[in-house]
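Provided herewith is a single structure, encoded as structure tokens, for subsequent inquiry.
The values are calculated or read from the model by the stated rules, or taken from the named source; none is laboratory data. Quick caveat: nothing in here was measured; it's all calculated off a predicted structure. Neighbour counts run over all protein chains shown; Cβ positions are idealised from the backbone, glycine included.
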Amino acid sequence: MEGKLRVAIVGAGPVGSLAALYAANRGHSVEIYELRGDLRDPSTIPLNFTKSINLALSERGLNAMRHADQPNLVENVLAATIPMRGRMIHRRTAAGALCEEPQDYDPVHGNAILAIDRGGLNKRLLDILEAMPNVKFFFNHKLTGADFKQNKAWFEVRENGSSRNPGDRREIEISFDLMLGCDGAHSAVRYHMMKFTQMDYQQTYVPALWCEFQIKPKESAPDENPMSRYRISPNHLHIWPAKEFMFIAIPGEGGAFVCTLFAPPWVYSKLESDPTALLIPFFDEHFPGVTQLIPPEELISSFQQNPHLPLISIKCKPYHYGSSVVILGDAAHAMVPFYGQGMNAGLESVRILFDILDKHARMDELLSPDSKFAVESRARALEEYTAIRVPDAHAINDMALNNYEEMRAKVLSRKYLLRKWLEEK
Ligand code: FAD
């Protein structure tokens, strides 16, 4: 990449943190602006997530970390993952007995996807960045405006992390050579970029809400094998498919599972009307065995206390403006979680962007060191990034939407569906 740039990263989620690492390892001066407090501070409440959620990390995301030129990053990340070699489908047999049906992802080679704590991965990246002399953090800084012709942006600084008292707020102006907008699905960078470029933008709320639950570990003696603390197989992504809705469980460290109920808003409305009376019969009817893994009172309190959140799918184009700004991750291509690829695709976007910037930088070195030329060349690199990344990101987005039906209905084996159908005749 030409010269050393002032790179402003907006958003210190997994995508912004990896993008900061790529930029810092190229010697740029990196400033990371994050709306919330430091995730590593226990008093910081994660946006949208009540607790830290477990995600599926796949080769797409791992490969992006492998290319970050950061010694031991992948090894450290892998050490904190749990391989899930397939799905485990939970259902009742025709005779009414509880039944688990494993469906391996790769029966031939045994490849697995990996369960990882999203917060843990994020913190690991922040720790690495903190030790780098060319990286500066600005927590409690909210992007409120940007001029991508003048390469200036404005942030509201929330003293003590508070936004309630106007007296606690002030505004700062910054300048930059390149801004990377990694500020999630409701991206402010994208919003301000729209004023400078003719962006096609499509946002869809899918008719499903999600809420988080937890299966707690079994009590065990300190000298017992930690794997014995899992109440169900730790090496599977567990699914209770119920056609119109589903419940899933992803293993976490120490024997716990983070679970999610995905269901249409009308189901949530019904259950919200009287959770104490309705929730347990609903689970017993549709998600057999769950009330034996999560005590009914915990199930009800999680449903009452944890937020019921929507799922958004975003497609837009272009991802950049001129030579000064590019959006990455959920800011550019938020997708529904049913394909387990939102974060993975965001991390992959970082790798692809820097591959293209590097390629153009190598070509520039051969041609001219002139700085005007360098800016034009960066604009060409960003244009190439949009051209290459948009069709792929849109395709992953569509696949994620299609996989909702696959997970909540099609995973039921044909044999099972046939038997059910015959029973109903
Ligand atoms: P975010 O994680 O949203 O981070 C954006 C950051 O920007 C935040 O820290 C925010 O505070 C900050 N910010 C926002 N606005 C501003 C502003 N104005 N100024 C400054 N900072 C700002 N993905 C997978 O790959 N695998 C999975 O299994 C998976 N499961 C999921 C399950 C659920 C239920 C959900 C909801 C999502 C799942 N995802 C999964 C998707 C994944 O969580 C996202 O794709 C990923 O978190 C996107 O990372 P990001 O860094 O782009 O954005």
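Looking at 270, 195, which is the one that is away from the ligand (no atom under 11 Å from the Cβ), under 30 Å from residue 141 (Cβ atoms) and free of Cβ contacts under 8 Å to residues at least 60 places away in the same chain?
Result: 195 is the single residue among 270, 195 that is away from the ligand (no atom under 11 Å from the Cβ), under 30 Å from residue 141 (Cβ atoms) and free of Cβ contacts under 8 Å to residues at least 60 places away in the same chain.
Next question. Which condition number in (1) closer than 30 Å to residue 288 by Cβ; (2) surrounded by fewer than 20 Cβ atoms within 10 Å (Cβ to Cβ) is the one that residue 84 fails?
All conditions pass for residue 84, except number (2).
Among (1) under 30 Å from residue 19 (Cβ atoms); (2) surrounded by 15 or more Cβ atoms within 10 Å (Cβ to Cβ); (3) more than 16 Å from the ligand (Cβ to nearest atom), which single condition is residue 230 missing?
Going through (1) under 30 Å from residue 19 (Cβ atoms); (2) surrounded by 15 or more Cβ atoms within 10 Å (Cβ to Cβ); (3) more than 16 Å from the ligand (Cβ to nearest atom) one by one, residue 230 breaks only (1).
In segment 18-45, which residues are crowded, with 24+ Cβ neighbours inside 10 Å, within 26 Å of residue 147 (Cβ to Cβ) and within 10 Å of the ligand (Cβ to nearest atom)?
Result: 19, 32, 33, 34.
Looking at segment 330-342, I want the residues that are at pLDDT 95 or above and of a type in the set (Asp, Glu) and have a partner that is within 7 Å of the ligand (Cβ to nearest atom) and in a helix (DSSP H, G or I) with Cβ atoms under 7 Å, at least 6 apart or on another chain. Which pairs are those?
Final answer for the pair search is 330/342; 330/346.
How many residues does segment 198-226 contain that are outside any loop (DSSP other than H, G, I, E, B), of a type outside the set (Asp, Glu) and loosely packed, with under 13 Cβ neighbours inside 10 Å?
The number of residues fulfilling the criteria is 4.
Please list, ordered by residue number, the helices (runs of 4 or more DSSP H) wholly in segment 278-369 having 2 or more residues that are more than 14 Å from the chain's Cα centre (by Cα) and either within 16 Å of the ligand (Cβ to nearest atom) or of a type in the set (D, E, K, R) (or both).
Qualifying helices (runs of 4 or more DSSP H): 296-305, 342-367.
To continue, here is another question. State whether the residues of segment 140-148 include one that is surrounded by fewer than 19 Cβ atoms within 10 Å (Cβ to Cβ) and not in a strand (DSSP E or B).
No: zero hits.
Here is a follow-up. Which condition number does residue 112 fail, the rest of (1) more than 15 Å from the ligand (Cβ to nearest atom); (2) under 20 Å from the mean Cα position of the chain (by Cα) being met?
(1)
Based on what the data block shows, is residue 260 under 19 Å from residue 341 (Cα atoms) and polar (S, T, N, Q)?
Criteria met by residue 260.
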